[in-house]
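Take a look at the structure set out below.
The values are calculated or read from the model by the stated rules, or taken from the named source; none is laboratory data. Small disclaimer: the values here were computed from a predicted structure and weren't measured. Note that each Cβ is placed from the backbone with ideal geometry, even for glycine, and that neighbours are counted across all protein chains shown.
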Amino acid sequence: MKTETRMIHDVIIVGGSYAGLAAALQLARARRKVLVIDGGSPRNRFAKSSHGFLGQDGRAPGDILADARAQLMAYPTVNWLDANADKASAIGHDFHVTAAGKDHEAQRLILATGVCDELPAIPGLAERWGVAVFHCPYCHGYELDQGSIGVLATSEGSMHHALMLPDWGETIFFLNGAFTPDEEQAAELKRRGAKVETTRIRRISGERADVELEDGRVISLCGLFTLTRTSMASPLAEQLGCAFEEGPLGPYIQTNEFKETSVQGVYACGDAARPAGAVALAVGDGTLAGTGVHQSIIFHRDP
């Protein structure tokens, strides 16, 4: 395995998961000098399998990443650093990233830093995240085999989840005091066949997702879906002064159609730069960022 040595790179990519790897691959194939800095904590590390990604459906996320990294590292212009990037700044027309106690320099910077998920504070919920508690029905709904499914409300935005999930199984919408559907919303839920449970949840238990209610009842589910609140997994975008947009789940980095941020020369891709994420979308985002960066180096001269 190649290790990083002191040099000025064409591009530094912070984040070596799906988006970062996809961006790096495009640049490697253009024979550009790339440094990938990765802390080893992909967002879907808690899931046993990944779904909905063409050609990789059902594989373990770690296996997909390991294969992709091995393929990337076969290109001689790519270096990899296992570390967290602590600081980023623009100095002149170049970018400096501090990681593992050293300063690394490049003409362009790609942020594929991902997001963190903040789960509702219900005992037993976090322990089942990615195993029996999910956020994306396209990623995990089919495997529940049309069994009983729960939707845990966190806000009025959870109505979207509750109206979607009946396509994957009999759905119970646990309001848990988050909000009360109005008359029109109640009619929509009824039309979709989603049952509504108003009693608050005490905890989640069992091998899958047994919902223990405050009145003593226990409702056994094959899976439970909930919306998380997301936040940036890295402070770099804020340090660099990148603009953010507010999405339904949390803030994300604003980019244009080429994945360039509001800071010239800084690009962002994957979950950190989308209102909602999925593996396939992250790979597409990374591909756009990689090609966008390459063409910016060729066609845009610094003043």
* Only residues that are surrounded by fewer than 17 Cβ atoms within 10 Å (Cβ to Cβ), farther than 22 Å from Ala272 by Cα and either within 18 Å of the chain's Cα centre (by Cα) or in contact (Cβ under 8 Å) with a residue 24 or more places away in the chain (or both): list them for the stretch 106-126, please. => Pro123
* **The lone exception for His96 - which of (1) assigned to a loop (DSSP other than H, G, I, E, B); (2) closer than 30 Å to Thr291 by Cα it fails** => (1)
* Structure fact -> Those residues of the stretch 64-91 which are within 13 Å of Tyr18 (Cβ to Cβ) and either aliphatic (A, V, I, L, M) or modelled with pLDDT under 95 (or both) amount to Ile64, Leu65, Ala66, Ala68, Leu72
* Just wondering, is there one or more residues in the stretch 251-268 that are more than 23 Å from Ala30 (Cβ to Cβ) and at pLDDT below 95? -> no
* Asked: Which one of Asn79, Asn44 is part of a loop (DSSP other than H, G, I, E, B) and in contact (Cβ under 8 Å) with a residue 12 or more places away in the chain?
  -> Asn44
